[in-house]
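The values are calculated or read from the model by the stated rules, or taken from the named source; none is laboratory data. Keep in mind that this is a model prediction, so the values were computed, not measured. Here Cβ is always computed from backbone atoms with ideal geometry, including for glycine, and neighbour counts include all displayed protein chains. Note: accessible area is taken over every heavy atom of the protein model, side chains too, but ligands, DNA and RNA are not part of it. Shrake-Rupley method; radii C 1.70, N 1.55, O 1.52, S 1.80 Å.
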Amino acid sequence: MNEPTDWEKLEFKLVQLFKSNGSVGGGFVHILQEAELKCGIRSTETFVGYQILCDSFKAFSIETLNSLKVPTSRPFGYANYVARLSSLFKQLRASEILYLNGYPWQGYTLLRVIVEQTQIRLAVLNGLYDDGQVVGLVDGEMPKPKGSQNRKNEADKLEIKRALRIQRTEVEKEIFKLMSGTKSGLTLRTIEELRKWDDMFDNEIHGLTYSSLEAMDWLMGAGGLPILPTHSDDGTTMYVNRYAEVSWMLHRLMPLLQLPQHSLSTAWAEKWQALDNSFLQFSKGMEGIGKPIGPAIIEFVTTKFPYDASSRYPAELKK
């Protein structure tokens, strides 16, 4: 009989130490899962209208991506566009799973990826940059390392990765200026509100500014440490509002999955319009309660994502 490997010995030790109630982790894992389930139930019961909008958009996105009739001769740019929208849908769903399990702030941070990537797609669609440039290529080629030309050299590989990252970052900064910043052509009020909106993502991603408030009683010596997730009115409200705004951006890009020779159905167009109207109304509702981000999102989406159910993917992207 073979001797157990070092890893098998470690696994056995972990099972010995942590198995209870018939499984590794036992009671503690069950307590955690029960707390997460309660948070999900509370959230869906609290935000019924949002949940209807959210579930409708998920169903629409899956239906759209599944119904594509993509010819084998499709251009690479289009294939890349479809793949990236599919990935963004998964990102949106991943953030929602966190929210529904009692981690709204953690889900909120994942929405930032969609905000940035939809703007990058807009820059490519508008011919401001191409797919190579937005990943760091220069004139369609990998950056060359300084000095040595042996790209198999490990030091050169690291230099290339560094150069790609720097180039990509510079391109992204310029894109964000063109889409939502100082070069966007949006009103100054909208630019400022979008800057604040973006800063809030930064505050949580880089400083845990909002999620750390859940431990305020503990920090002040007035309560216990919040280990298990509990329903948070502030967290869930923030998440729901940002989810609807970010989903609207993604929704406005969906019609461009249609190629000139391949249109989706009339029923699909009706669903798209109903969702678009609902997203618009959501932001109008924010405006109605005095939240300046409402009109800012409306101007941003309708100006920078000017697509409707009849829109098609560009046959050629202008450089």
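In whole Å, what are the Cα extents of the range 93-202 along the three principal axes, biggest one first?
Per principal axis, max minus min of the Cα coordinates gives 49, 38, 22 Å.
What is the calculated FRET efficiency for Thr266 to Lys58, with r their C-beta to C-beta distance and R₀ = 22 Å, to the nearest 0.05?
Efficiency at R0 = 22 Å is approximately 0.50.
If you look at just the Cα atoms of the chain, how large are its Rg and its Dmax in Å?
Every Cα atom of the chain included, Rg and Dmax give 23.4, 75 Å.
Solvent-accessible area per residue for the chain at a 1.4 Å probe radius, Å²?
Per-residue value: 57 Å².
Two-decimal Rg/Rh of the range 190-266 from alpha-carbon positions, Kirkwood Rh? Don't skip to the end; give the middle numbers.
Working: Rg = 19.3 Å, Rh = 16.0 Å.
Dividing the radius of gyration by the Kirkwood radius yields 1.21.
Counting other Cβ atoms within 10 Å, keep those with at most 15, restrict to DSSP loop, and tell me which trypsin sites (Lys or Arg not before Pro) in the range 54-150 are left.
Lys69, Lys146
Can you give me the Cα centroid spacing of the range 49-77 and the range 248-319 in angstrom?
Cα centroid of the range 49-77 versus Cα centroid of the range 248-319: 13 Å apart.
For n ≥ 4 DSSP H runs only, could you compute -39500 (n - 2.57) per run for the chain, divide by its residues and tell me the 222 nm figure to the nearest 500?
-22000 deg cm²/dmol
Taking the Cα atoms of the range 11-124, report the difference between the largest and smallest coordinate on each principal axis, in whole Å and largest first.
57, 40, 26 Å, listed from the longest principal axis down.
Rounded to a whole number, what % of the accessible area of the range 21-109 do carbon and sulfur atoms account for, probe 1.4 Å?
Percent of accessible area from carbon and sulfur atoms in the range 21-109: 61.
Residue separation times 0.36 nm, minus the C-alpha to C-alpha distance between Ile97 and Asn80: what's the value?
Contour length minus Cα-Cα distance gives 3.5 nm.
Restrict the search to the range 223-299; then list the trypsin sites (Lys or Arg not before Pro) that DSSP places in a loop and that have at most 10 other Cβ atoms within 10 Å of their Cβ. Mind dumping the intermediate values first?
Values: sites: Arg242, Arg252, Lys271, Lys284; in loops: none.
Here no trypsin sites (Lys or Arg not before Pro) fit, given the DSSP loop and packing criteria.
Taking H as built 1.01 Å from N, whose amide H comes closer than 5 Å to the amide H of Leu259, not counting residues under 5 places away?
Those lying under 5 Å, H to H, from Leu259 are Tyr313.
Over the range 185-319, consider all pairs of different Cα atoms and compute the Kirkwood hydrodynamic radius from their mean reciprocal separation; express it in Å, one decimal.
17.7
With the crude spin-label approximation of a point 7 Å out along Cα→Cβ, what separation in nm comes out for Arg168 versus Ile205?
1.3
In percent, how large is the relative contact order of the chain, given Cα pairs closer than 8 Å and 6 or more residues apart?
23
If I take every Cα pair under 8 Å that is 6 or more residues apart in the range 74-187, average their sequence separation and divide by the length, what percent do I get for the relative contact order?
19
Grab the Cα-Cα distance for Lys196 and Asn126, subtract it from 0.36 nm times how many residues apart they are, and report the gain in nm with one decimal.
22.6 nm
Between Lys157 and Thr72, what length in nm is gained on full extension when 0.36 nm per residue of separation is reduced by their alpha carbon distance?
Values: separation 85, 0.36 × 85 = 30.60 nm, distance 3.43 nm.
This chain segment gains 27.2 nm when fully extended.
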